[in-house]
Amino acid sequence: MAETRDIKYINRNFDDFRSQLIEYAKSYFPDSYNDFSPTSPGMMLIEMAAYVGDVLSFYQDNQLQETFLQHAKNPSNLYSLAYMMGYRPKATTVAETILEVTQTVDATGVDNKPDFDQALVISENSTVKSTAQGQTTYLLSDKVDFNFSSSYDPTEITVKTLAGGVPSEFMLKKKVHAFCGKIKTTTESFTTSEKFATLTIDDDNIVGVLDVTDSDGNIWY
Amino acid sequence: MAFEVRKINPLDLQPRKAVGLNIPFRSKDVFSSNYQTKEAIKNNLINFFLTGRGERYLNPMFGTRLRNMLFENINEQKVQEIEMIVRDALNIYFPRIEPDEIKTGSDPDNNLVTFYMSYSIADTNIEDELLINIAT
């Protein structure tokens, strides 16, 4: 039968672990180790073990804290706990799509390559209107730069027209994420300072607030 | 006739009771124990001198800047500075140790820096010496 040893599980910081380990060594290994001065190599090992215990205890406390709605800090945990209690957020979502944007550029006269001096840059939040019925407006979520190409944001280059067997025009194609919506601006006046002022925006189907700036150009969060 | 009383640590009278651990940890079973206070103190001194200040968790004053000092040009002023650092550190962490001689030297041809100290322990008849070679 295994020997029952007195191990306490409630002392969980560095100093408590250290003193518990010293007491443990004194109780169970009195013939193997007796030097408990801070300079001894054995104490160095004991303190290293106490340090590991201290760090693990921190994470254990942190994990436990995340299981309580009133103490959780991680947003995904907070949402999970809220869902568990029956909360259903009334989030407004918008239609999203991937747009293909193309541009035709001439070939350079020297080596018959695309002339990137003609390549355009379309800024983010530019609006694109659908030709279908309803003429829905889309906003580009990212900048479209035909000069730039990477594995993350590639520019596809194809020959559009040939003249005398050599390319005379190229077509540059990029893909960009777009979402359906409009950017609107609303202005509110403040006369006196007020802590945590609350404003009601007089509109429907608000997806989110992009930014808040004052008349001096300062950004507020 | 008067005679000087010498103290003996009770552990030194119990040959089967280990005092501390020897460093470096490289015996068959990793740790080898020492059974005399003299050996334990010597190992504690080695551990102390080879620990850099700030290296020990929650004990930032533990250790010396000896290792850093040894890599500087060894001149008379530096030797005095090292001796002062060692004596100050011993006063705090080893109050019973009385250093007799402290020597610092360098052997550039073999890329070696040496630190030597002879010492005695107060109220005992223990005398010992310590030599630390640091290969650069």
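Structure summary
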item: Test: residue in region B:92-114 that is within 13 Å of chain A (Cβ to nearest Cβ) and aromatic (F, W, Y); result: yes
item: All positions within region A:91-120 that are assigned to a loop (DSSP other than H, G, I, E, B) and within 35 Å of the chain's Cα centre (by Cα); result: A:A91, A:T92, A:T93, A:V94, A:A95, A:A119, A:L120
item: Selection from region A:27-69 of residues that are more than 12 Å from every other protein chain (Cβ to nearest Cβ) and in a helix (DSSP H, G or I); result: A:S27, A:Y28, A:L56, A:S57, A:F58, A:Y59, A:Q60, A:D61, A:N62, A:Q63, A:L64, A:Q65
item: Residues (within 12 Å of another protein chain (Cβ to nearest Cβ) and outside any loop (DSSP other than H, G, I, E, B)) located in region B:10-27; result: B:P10, B:L11, B:D12, B:G20, B:L21
item: Pick from region B:30-62, criterion under 16 Å from B:F115 (Cα atoms) and free of Cβ contacts under 8 Å to residues at least 24 places away in the same chain, ranking: farthest from the other protein chains (Cβ to nearest Cβ); result: B:G52
item: Unmet requirement for B:E76, which otherwise passes all of (1) more than 12 Å from chain A (Cβ to nearest Cβ); (2) closer than 23 Å to A:V52 by Cα; (3) open to solvent by 70 Å² or more (accessible area, probe 1.4 Å); result: (2)
item: Matching residues in region A:105-120 - criterion: being β-branched (V, I, T) and either at pLDDT 95 or above or open to solvent by less than 50 Å² (accessible area, probe 1.4 Å) (or both); result: A:V105, A:T108
item: Residues located in region B:17-29, provided they are in contact (Cβ under 8 Å) with a residue 12 or more places away in the chain and open to solvent by 30 Å² or more (accessible area, probe 1.4 Å); result: B:K17, B:N22, B:I23
item: Filter pass, B:K7 being away from chain A (no Cβ under 14 Å) and either over 25 Å from B:D107 (Cβ atoms) or in a loop (DSSP other than H, G, I, E, B) (or both); result: yes
item: Subset of region A:62-99 (residues that are of a type in the set (D, E) and open to solvent by less than 80 Å² (accessible area, probe 1.4 Å)); result: A:E66
item: Output for region A:155-210, where each listed residue is over 20 Å from A:D115 (Cα atoms) and of a type in the set (D, E); result: A:E188, A:E194, A:D202, A:D203, A:D204
item: Near pairs, Cβ below 7 angstrom, 6+ apart or cross-chain, from region B:82-109 (open to solvent by 20 Å² or more (accessible area, probe 1.4 Å)) to any residue that is at pLDDT below 85 and of a type in the set (K, R); result: B:I85/B:R65
item: Qualifying residue in region A:202-218 (condition: of a type outside the set (S, T, N, Q), over 27 Å from the mean Cα position of the chain (by Cα), surrounded by 12 or more Cβ atoms within 10 Å (Cβ to Cβ) and within 18 Å of A:T97 (Cα to Cα)); result: no
item: Any hit, region A:182-192, residues being open to solvent by 70 Å² or more (accessible area, probe 1.4 Å), under 30 Å from A:T108 (Cα atoms) and touching a residue at least 24 places away in the same chain (Cβ under 8 Å); result: no
item: Test: B:Y116 is touching a strand residue (DSSP E or B) at 6+ places or on another chain (Cβ under 9 Å), open to solvent by less than 90 Å² (accessible area, probe 1.4 Å) and aromatic (F, W, Y); result: yes
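The values are calculated or read from the model by the stated rules, or taken from the named source; none is laboratory data. Note that the structure is predicted; figures quoted are calculated from it, not measured. No Cβ is skipped: glycine too gets one built from the backbone with ideal geometry, and neighbour counts run over all protein chains shown. Side chains are part of the model used for accessible areas, which takes the heavy atoms of the whole protein and leaves out ligands, DNA and RNA. Shrake-Rupley method; radii C 1.70, N 1.55, O 1.52, S 1.80 Å.
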